Amino acid sequence: MSGEPDRRLDLDPSGVRGGLEAFEQDTGDRPPFYLSKTEIKLLAISGVGFFLDAYDLFIINQVTVMLQFVLYDGKALPAGLHGLVNASANIGSVIGQFGFGYLADALGRKAIYGKELMIIIFATILSMAAPTGPLLRAGHPNSVLVWLFVWRIVLGIGVGADYPLSASVSSDRVSVRKRGVILAYVFANQASYVHNIGWGSLIGSLVTMITIAAYKHVINDEGKVSRADGIWRIIVGLSLIPAFATLYFRLTLPESKRYIKARQRVEGIDSEESTMDETLKKDDSSSEKHSNRPATHVMVEKKQHVLEFISYFSEWRHLKILIGTCSCWFFLDIAFYGINLNQSSVLQQIGFGGKGNAWHVMWETALGNLVITALGFVPGYYVTVLTVEYLGRKWIQMQGFLLQGLFLAILAGTFGHISTAGFVVNFALLQFFFNFGANATTFLYPAEVFPTRFRASAHGMSAACGKAGAIIASLGFNALSMHIGTNNVLWIFFGCSMIGAVCTLLLPEVKGRDADEIDAQELREAHARNRVQ
């Protein structure tokens, strides 16, 4: 064989029909963070869901500020409904992560991928179509929040489904040497979609500021505060652009080679001696057969997958890893979402949320969010991308939990009398170590530590546990802040960070670890034991 990468499946210039099997083109002669054209295409397809997740997360706390003026004459939203609106997308995410993660393993990635993006598009359109005019004239402003709550749950189902799907689609197609970097690039879309360099939260803040600036004359000079109703619809609707741009490519992406090989291994189709290339020479026909099976076969395979999953995780060596990925993500998201879904409220409490008329409140809230994002989020993502294949996932996660705990303790101990500049510096460092830490690695771990045949299911379960933590934080933050004070809520987040650090001890290092090779060896050993018995 020559040293040239295998291009047997590169049937079209775009690489989509070719499957974007980036592992075939990794010759190992460049740094892990260097991206080939195939990897960039893969990231453009798989990363959009995380852009939408981050965009939604970081604009909703600014949208709720606008709704204060549209619905309640500048007064605070009802605490219960405010918490429900903040938590709604996360509630839906739990459903999407569990359900679509299981289906992606049982039926294949190709059969499911793209459907979650259709759900996101549909729910976004319905969210921005909230009928504020008729409901306000009827004296029912709370009904607008209920409307948003319902459709943001549907939106969350699509966003949640994207976690196990995009993680698996990416991990299935890249080499072990670059797997962590590629997954970090995918996840970095939480902070931009453009070139996958990690800015979604930054884009959300910039879009909000630009739109608010465009409305300055009509709101600030003419006093037409009700026009803020147009601002939040614009910033919500703009997320449809990358969603529509990516939909076709997701729907037409073929099944990955690794997934087909994993199913063949379990079904006894391939021999133990076959290599990746030998096993998958018939990849095109195998993929078509896999995605066009009769309904009865699909039902049998779904049942088979459940039994395989239960059998695999009935062993403590596997179960403890699943407990580790689920618990770390759960405790991380209590702190992460508790802070970020309520970032505007926290900024307002320390005097950075704006004073004066409606426009200045909205502008300074958006500015505060932008400053925090630019100083903390983006650098944290970049450092993770550059160092993950050198430092390892476990080290990054452990130090991330410990240092985020440190800065949460500083903020909790000084809350109420720290200067605005001091608060912003500490808050930015907190965000930096969220993202150069557990916020990135809790996503990476389940996509790397579990074998392909259980990867999406386990990733979905882990992510769903994270969203459960986010729901608790979303619903409890405002109520707890009113009863025990924001500083004491920050101490609770500090405790969650310390527990997360302890739970990290359950996890192995996955740098350079091929879960499929380990799984194949365990299957051979089990087969040998059965033959002896």
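The values are calculated or read from the model by the stated rules, or taken from the named source; none is laboratory data. Since the model is a prediction, treat every value here as computed from it, not as a measurement. For neighbour counting, all protein chains shown are included, and Cβ atoms are generated from backbone atoms with ideal geometry for every residue, glycine included. To get the accessible areas, we keep the full protein, side chains included, count just its heavy atoms, and leave off ligands, DNA and RNA. Shrake-Rupley method; radii C 1.70, N 1.55, O 1.52, S 1.80 Å.
Details
- Enumeration of residues in the range 478-514 that are open to solvent by 30 Å² or more (accessible area, probe 1.4 Å), under 23 Å from residue 180 (Cα atoms) and part of a helix (DSSP H, G or I): 502, 505, 506
- Given (1) modelled with pLDDT under 90; (2) closer than 18 Å to residue 504 by Cβ; (3) of a type in the set (D, E, K, R), index of the condition residue 467 fails: (2)
- Filter result for residue 427 (open to solvent by less than 10 Å² (accessible area, probe 1.4 Å), under 18 Å from residue 402 (Cα atoms) and either at pLDDT below 90 or not small (Gly, Ala, Ser) (or both)): yes
Here's the yes/no breakdown for (1) within 15 Å of the chain's Cα centre (by Cα); (2) not small (Gly, Ala, Ser):
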position: 49; (1), (2): yes, no
position: 56; (1), (2): yes, yes
position: 64; (1), (2): no, yes
position: 67; (1), (2): no, yes
position: 75; (1), (2): no, yes
position: 88; (1), (2): no, no
position: 98; (1), (2): yes, yes
position: 104; (1), (2): no, no
position: 109; (1), (2): no, yes
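- Qualifying residues in the range 63-119 (those that are open to solvent by less than 40 Å² (accessible area, probe 1.4 Å) and of a type in the set (Val, Ile, Thr)) - the one nearest to residue 308 (Cα to Cα): 112
- Among the residues here, residue 461 qualifies as at pLDDT 90 or above and part of a helix (DSSP H, G or I).
- Residue pairs meeting the criteria (Cβ under 9 Å; at least 6 apart or on separate chains; first part of a helix (DSSP H, G or I), in the range 515-527; second of a type in the set (S, T, N, Q)): 515/452; 516/452; 519/452
- Restricting attention to the range 386-411, the residues that are open to solvent by less than 10 Å² (accessible area, probe 1.4 Å) and either among the aliphatic types (A, V, I, L, M) or outside any helix (DSSP H, G or I) (or both) add up to 5.
- Counted residues, the range 452-472 - those being over 23 Å from residue 84 (Cα atoms) and either surrounded by fewer than 21 Cβ atoms within 10 Å (Cβ to Cβ) or within 20 Å of the chain's Cα centre (by Cα) (or both): 7
- Positions within the range 230-266 being touching a Ser or Thr at 6+ places or on another chain (Cβ under 8 Å), more than 30 Å from residue 519 (Cα to Cα), part of a helix (DSSP H, G or I) and open to solvent by less than 30 Å² (accessible area, probe 1.4 Å), in sequence order: 231, 235, 236, 237, 240, 243
- Residue that is closer than 26 Å to residue 158 by Cβ, touching a Gly at 6+ places or on another chain (Cβ under 7 Å) and open to solvent by 10 Å² or more (accessible area, probe 1.4 Å), where the choices are 475, 444: 475
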